[in-house]
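So the structure is just underneath, and the comments pick up after that.
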Amino acid sequence: MFKYITKRLYQMILVLFVVSIIVFFVMSFTGDPVLMMVTPDATQAQIDRARTELGLDKPLITQYFIFVKNILRGDFGKSYVFKQSAIKLIIERMPATLELVFVSVLLSIIVAIPLGVFAGAFPNKRSSKTIMLGSLLGISLPNFWVGMMLIFVFAVHFRVMPSSGRGEVVNFLGMRISIFTADGFKHIILPAVMLSIQSLAILLRLTRAGMMEVMKQDYIKFARSKGVLQNSLLFQHALKNALIPVITVFGIQIGKIIAFATVTETIFSWPGMGKLLIDSINRSDRPVMVAYLMIVAFIFVLLNFIVDIVYTSIDPRIDLR
Amino acid sequence: MAETNKIGKDIEIKKKNRLKEFLESEFFFNYKRNIPAIIGTIIIIIFLLMATIGPLLVTQNPYNLSEIQLMDAYKPPAWVDGGEWKFPLGTDSQGRDILSSVVYGSRISLFIGLTGMLLSSFIGTVLGLAAGYFGGKIDSFIMRIADIQLSFPATLIALFIMSIAGRGIDNLLIALTLVGWVIYARTVRGATLSEKKKEYVEAGKVIGLPSRKIITKHILPNVMTSMIVIATIQVGTFILTEATLSFLGVGVPVTRPSLGLLVKNGFDVLFSGLWWASTFPGLFIMLLVFGINMLGDFLRDELNPRLK
C-alpha cells in the first residue's frame, strides 16, 4: 500500500508539472501582460522598464523557472484589476464555492442513491423506466438555462426565493459560511438545485448500473432464499458492492461540479471563485486566471488521488500493481 | 453492354437484400419497440430539417437589419395578451422574431456539434489506432496525454482554451476537438489491442498486407459500432458545451448567435419579465440534446455487446 501511495504521489506531481508547463507557455504566447500594466499613453521607455521589472525580458525558460519558484512559495502575482495577491483573492472566495459544491453533492446523493437502487433492482417496472428517462432528461438539460428558469419562477414570478448573492454569513472555523443562517440557507437552495441536477442524473445512472450487475450474483439469490428482508437486501447486501464502481466516477464528478460552479455562480452572482474566474476572463486578468487554474488543477489531482486510495482500500479484489 | 447491365442489376439486388436484411434484423426489431429511440429520431430529423430548409420557412432573417423593426420589440408569444401570430414565440428587445432566431441558432448549434464530433472522431481514431497498433513509445505518449486530460473536466479545458483563443466558431471547433479526441483514442486503442491478437490480423500480416491496409480494412470496421455510440452522444455533449461557453461569453461571436448565446441575450432581460426570449431557445437546446441522448441511449444498449 505504501509503495502504491508513493507511486500515485509521484504521478500527481508529474501531472501538476505538465499542467504548469501548459498553462505557462499558452499564457506567454497570448497577449502582452506589460500592456495591461502600464497606462495607455506610456512611452516606450516606461514599457521597457515595466518589462524588466516583471522579468519578461529574460528567456522563456528562465521565466518558467521563476514562475514555478514563485508558485511554490504561493506567489501567483498581483491581479491587474484588484491590485491584490491573486492567490489571496481565490482563497477568500473558496469557502463560498466549496459550500455550494458540498450542498449540491449532498443533494444529489440523497436523491440519486434511493432512485438508482430502485431502478436497478426492478429494471422492468414502468416507474423504473420513467426514472431512467427522467435522468436522461437531466443529462440533456442546459444547466445555465435551468438556473435562469429557477430564478424566473421562484424569484421573479412568485418572489419566494432570493435571486442572487449569498445572504447572511457567519464565521465558522475561520471561514465565512452561509448555510447556518436562515437567510443564507434560503440563498443556497436554488443554486444548489441547479448545480446538482446533472450530477444527480449521472449518479443515479451509475448506481442503477451497479445494482443491475450485483443483483445477478449468487450471493443475492442466496440472501433472498435465506429470507432476508427486501430493504436490507437492497440497501445492505446489494448497495455496498454496487457502490464500488460508483465511487471512482463520482470522485471525478465532484471535480466537474467544481468546474460547473463557475456557471452557477455567474448566474446567481454567488461570490465564489468560479465567478471570479469568469470575471477575470472578461477583464483579461491573467494572474487570477493562472492562479485559479493551478489551484483547481491541484484540487482535481488530489481528488483523483483520494478516490484511488479509497477505491483500492474498500475493494480487496484490486491488485495494487 | 449486356454484361454491365447484369452487374448493375446484381448490385441493385444486393442493395435491396441489404435493406431487407436490415428491416428483418434484431436491431431494427428492437428499435421499432423502443418508443424513446423513435421519438429521439423524430426530434433529430425535425432539427435537421429546421437547420437546412428552416430559414426558407420563417418570416424574417433576424440578422438582416432591414427586416427587423424596433417597433416590434418586446412582443410576447402569440397566445399571451398583446402577442401576434406574426411572431409566434414573441420578439426580443431588438424586435427580432424569436422563432426565426431559434431556427437560425439551431443551424449554428448543430453545425458546431456535428463538425466538432467529426473532427474529434477522426483525430481520436487515428491516434487510437496508432497507439494500439504500434504500441511502445507512441502508445505511452498518446495515452499519457489522454490520462492527464481526463483528470480535468472537458468544459473547464474548453473554457481555458476559449478564454485565450477568443470567441469564434473556428476556435470553438478547435477547443471541442482538443477535449473530444480522448474518448475515441481510448476506445479505439482498447479495441485495436484486442483485435491485434486475433488470427485474422496475424493472417493478414503473414500474406504480407501493409499495416495501413490491415488497420483500415480489418481493424477499423470492428471498432465502428462503439464509435457510432460515442459519436452520437458526443454531438449532444458538444452542443451543450458550446451553449455553456457561449453563455459565459467565450463561445460563438455575437454576429453568429447559437442557441446558447440566444439564452444569454434573453438572460439580460429576464428580470424585467421578458421570459420568452430565454425560455424558448433553452427549450430547443433541451429538446435537441434530449432527442440525441434518447437515440444514443438505445444505440448504446443495442450495439455495446458488453452490456447485453
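For (1) touching a residue at least 24 places away in the same chain (Cβ under 8 Å); (2) over 22 Å from B:LYS213 (Cα atoms), each residue gets a yes or a no:
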{"residue": "B:VAL102", "(1), (2)": "yes, yes"}
{"residue": "B:LEU114", "(1), (2)": "yes, yes"}
{"residue": "B:VAL126", "(1), (2)": "no, no"}
{"residue": "B:LEU129", "(1), (2)": "yes, no"}
{"residue": "B:GLY132", "(1), (2)": "yes, no"}
{"residue": "B:ARG144", "(1), (2)": "no, yes"}
{"residue": "B:GLN149", "(1), (2)": "yes, yes"}
Problem - For A:GLY255: the one exception among (1) over 15 Å from the mean Cα position of the chain (by Cα); (2) within 14 Å of chain B (Cβ to nearest Cβ); (3) buried (at least 22 other Cβ atoms within 10 Å of the Cβ) - result: (1)
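Yes/no per residue for (1) more than 10 Å from every other protein chain (Cβ to nearest Cβ); (2) hydroxyl-bearing (Ser, Thr, Tyr); (3) assigned to a loop (DSSP other than H, G, I, E, B):
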site: A:VAL246; (1), (2), (3): yes, no, no
site: A:SER269; (1), (2), (3): yes, yes, yes
site: A:LEU277; (1), (2), (3): no, no, no
site: A:SER280; (1), (2), (3): no, yes, no
site: A:ILE295; (1), (2), (3): yes, no, no
site: A:VAL307; (1), (2), (3): yes, no, no
site: A:SER313; (1), (2), (3): yes, yes, no
Problem - Options B:VAL229, B:VAL201, B:VAL235; residue that is over 15 Å from the mean Cα position of the chain (by Cα), part of a helix (DSSP H, G or I), over 24 Å from A:VAL19 (Cβ atoms) and not small (Gly, Ala, Ser) - result: B:VAL201
Practice task
Could you please let me know if A:LEU141 is at the interface with chain B (Cβ under 9 Å from one of its Cβ atoms) and surrounded by fewer than 20 Cβ atoms within 10 Å (Cβ to Cβ)?
Solution key: no
Exercise for the section: Scan the range A:154-178 and report the pairs whose first residue is at positive phi and whose second residue is open to solvent by 40 Å² or more (accessible area, probe 1.4 Å) and not in a strand (DSSP E or B), with Cβ atoms within less than 8 Å and a gap of 6+ or a chain change. Expected result: A:GLY165/A:SER269; A:GLY165/A:PRO271; A:GLY167/A:ASP183; A:GLY167/A:PHE185; A:GLY167/A:LYS186
Practice task
For residues that are crowded, with 17+ Cβ neighbours inside 10 Å, over 16 Å from the mean Cα position of the chain (by Cα) and more than 9 Å from chain A (Cβ to nearest Cβ), scanning just the range B:163-181, find the one that is modelled with the lowest pLDDT.
Solution key: B:ARG167
Fill in the blank from the handout: Those residues of the range B:124-162 which are more than 14 Å from B:PHE238 (Cβ to Cβ) and open to solvent by 40 Å² or more (accessible area, probe 1.4 Å) amount to B:VAL126, B:LEU127, B:PHE134, B:GLY136, B:LYS137, B:ILE138, B:SER140, B:PHE141, B:ARG144, B:ILE145, B:ASP147, B:LEU150
Fill in the blank from the handout: In the range A:144-173, residues that are open to solvent by less than 50 Å² (accessible area, probe 1.4 Å) and in a helix (DSSP H, G or I) total 11
Practice task
Could you grab me the full set of residues in the range B:65-82 that are within 12 Å of B:ASP97 (Cα to Cα), part of a loop (DSSP other than H, G, I, E, B) and open to solvent by 50 Å² or more (accessible area, probe 1.4 Å)?
Solution key: B:GLN69, B:TYR74
Problem - B:ALA158 being closer than 21 Å to B:GLY136 by Cβ and not β-branched (Val, Ile, Thr) - result: no
Practice task
Can you work out which of the residues in the range B:269-304 that are open to solvent by 50 Å² or more (accessible area, probe 1.4 Å) and in contact (Cβ under 8 Å) with a residue 60 or more places away in the chain is farthest from the other protein chains (Cβ to nearest Cβ)?
Solution key: B:ARG300
Practice task
Check off (1) more than 18 Å from the chain's Cα centre (by Cα); (2) surrounded by 19 or more Cβ atoms within 10 Å (Cβ to Cβ); (3) outside any helix (DSSP H, G or I) for B:GLY249 and give me the number that stays unchecked.
Solution key: (2)
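The values are calculated or read from the model by the stated rules, or taken from the named source; none is laboratory data. None of these values were measured; they are calculated from a predicted model. With ideal geometry, Cβ positions are generated from the backbone for all residues, glycine too; neighbour counts draw on all protein chains shown. Each accessible area value is taken on the protein alone, full model and side chains, heavy atoms only, with ligands, DNA and RNA left out. Shrake-Rupley method; radii C 1.70, N 1.55, O 1.52, S 1.80 Å.
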